[in-house]
Amino acid sequence: MSRFWSPVVHDLTPYVPGEQPKLANLVKLNTNENPYPPSPRVLEAIRDELGESADSLKLYPDPTGSQLKAAVGRHFGVPPEWVFVGNSSDEVLAHTFQALLKHDKPLLFPDISYSFYPVYCGLYGIDYETVALDEDFAICVDDYLARGAAKVGAVIFPNPNAPTGRLLPLADIARLAAALPDSPIVIDEAYVDFGGLDVIPTAVGLVKQHPNILVTQTLSKSRSLAGLRVGYAIGQPELIEALTRVKDSFNSYPLDRLAIVGASAAMDDADYFDQTRRHVIASRDALSNGLAALGFSVLPSAANFVFARHPTRDAAALAAALRERSIIVRHFKAARIDQFLRITVGTDVQCRLLLDALKEILA
């Protein structure tokens, strides 16, 4: 505490990111990073931007990120004017909370969800209510609609949900948006690219029919660019304008030159993107089967992680025992999920090391 703090700081409970430990021979399965490198085109684009002298770095970047907006638009088949870009999807979400989710009526989101949501609400003074997942840890749209349209200011949830990994069908999202036409519906799709082999279950296709839907995504997961910090949102121009007005009142140059060209190259390399996400999906399914063979209950996952619990072994103790073997997974000390481990899908070698370690610990 300090007498120099603004009043709002005293009441904040900041988000706690996943640990980034410095351990030798670490098997790092706690922060949902992609185990594969980014597209080779990313490094090529960054080198081209730097040139021989890196002279371009003395100049401000494009404040609108028009090159990246165009690349995102090409990928999804939407106009660039329907795209907003920012410095990570967390920043995009922060602007979204301020621009679209603060109303007289409460914001709704799941009781088990991305733990940054209540942090943003505290920062921006947003009234919110949580809606419980069902006994199978799934989102039930009817529980949101039961509140009545007159009592819902806005809705946000990840799809697939985090940390559970469960996917809500697009038909349910469309039904929610249609029943709450005056409420913004934000679908946080950080992990959606791992949701299907041949058809990615993104809600971007619903944006044209539902002007209240905003979809946010990140290049941190499926495009292996967590270190570059790039995210975007897709929605009709009315929603995008709100985000832009907030952004330009906060930071007119959120993306640097290297991030813009690198992210654009990643978006345009569709073949590499599809190849690596398919590898992760295959590894996820194998990891889930391996955990089940060891007696774990594993929730159905559409993400690049699995959420699992053992019927007789304490999750915190398992996480500690894995750490002793230089394997890091995520354990949440939260109600209803304190006996689960969230395990990032690593390489096949990393997943095998994890399974072998768990087999040893359980024995």
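Quick notes
- Hits in the range 17-37 - residues which are farther than 11 Å from residue 330 by Cβ, in a loop (DSSP other than H, G, I, E, B) and either aliphatic (A, V, I, L, M) or in contact (Cβ under 8 Å) with a residue 60 or more places away in the chain (or both): 21, 23, 24, 25, 26, 33, 34, 35, 36, 37
- Residue 148, sole failed condition from (1) closer than 26 Å to residue 219 by Cβ; (2) open to solvent by less than 60 Å² (accessible area, probe 1.4 Å): (1)
- Note on the range 72-81: residues that are surrounded by fewer than 23 Cβ atoms within 10 Å (Cβ to Cβ) and either hydrophobic (A, V, I, L, M, F, W, C) or at pLDDT below 95 (or both) amount to 2.
- Residue in the range 142-150 that is more than 30 Å from residue 271 (Cα to Cα), within 16 Å of the chain's Cα centre (by Cα) and outside any helix (DSSP H, G or I) present: no
- One residue alone among 119, 85 is buried (at least 21 other Cβ atoms within 10 Å of the Cβ), β-branched (Val, Ile, Thr) and not in a loop (DSSP other than H, G, I, E, B), and that residue is 85.
- Restricted to the range 209-247, and to residues there that are among the charged types (D, E, K, R) and touching a residue at least 40 places away in the same chain (Cβ under 8 Å), the residue that is nearest to residue 33 (Cα to Cα) is 221.
- Residue 264 being open to solvent by less than 20 Å² (accessible area, probe 1.4 Å) and assigned to a helix (DSSP H, G or I): yes
- Scan of the range 225-249 for residues that are open to solvent by less than 20 Å² (accessible area, probe 1.4 Å) and not in a helix (DSSP H, G or I), ordered by number: 225, 230, 231, 232, 233, 234, 235
Here's the yes/no breakdown for (1) open to solvent by less than 40 Å² (accessible area, probe 1.4 Å); (2) within 30 Å of residue 64 (Cα to Cα); (3) of a type in the set (A, V, I, L, M, F, W, C); (4) under 23 Å from the mean Cα position of the chain (by Cα):
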{"residue": "273", "(1), (2), (3), (4)": "yes, yes, yes, yes"}
{"residue": "293", "(1), (2), (3), (4)": "no, no, yes, no"}
{"residue": "299", "(1), (2), (3), (4)": "yes, no, yes, yes"}
{"residue": "321", "(1), (2), (3), (4)": "yes, no, yes, no"}
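- Scanning the range 330-363 for residues that are outside any loop (DSSP other than H, G, I, E, B) and more than 19 Å from residue 36 (Cβ to Cβ) gives 330, 331, 341, 342, 355, 356, 357, 358, 359, 360, 361, 362.
- Residue in the range 18-65 that is farthest from residue 227 (Cα to Cα), counting only those that are open to solvent by 60 Å² or more (accessible area, probe 1.4 Å) and among the small types (Gly, Ala, Ser): 53
- Filter pass, residue 281 being open to solvent by less than 60 Å² (accessible area, probe 1.4 Å) and in contact with a helix residue (DSSP H, G or I) (Cβ under 6 Å, 6 or more places away or on another chain): yes
- Of all residues in the range 330-349, those satisfying the criterion of being in contact with a Lys or Arg (Cβ under 8 Å, 6 or more places away or on another chain) and within 30 Å of residue 276 (Cα to Cα) are 330, 331, 332, 340, 341, 342, 343, 344, 345, 346.
- Subset of the range 152-181 (residues that are in a helix (DSSP H, G or I) and in contact with a Leu (Cβ under 9 Å, 6 or more places away or on another chain)): 170, 173, 174, 175, 176, 177, 179
The values are calculated or read from the model by the stated rules, or taken from the named source; none is laboratory data. Computed from a predicted model, the values in this text were never measured in an experiment. Cβ: placed from backbone, ideal geometry, glycine included. Neighbour counts: every protein chain shown. Ligands, DNA and RNA are stripped out before the accessible areas are found, and what is left, the full protein with its side chains, is counted by its heavy atoms. Shrake-Rupley method; radii C 1.70, N 1.55, O 1.52, S 1.80 Å.
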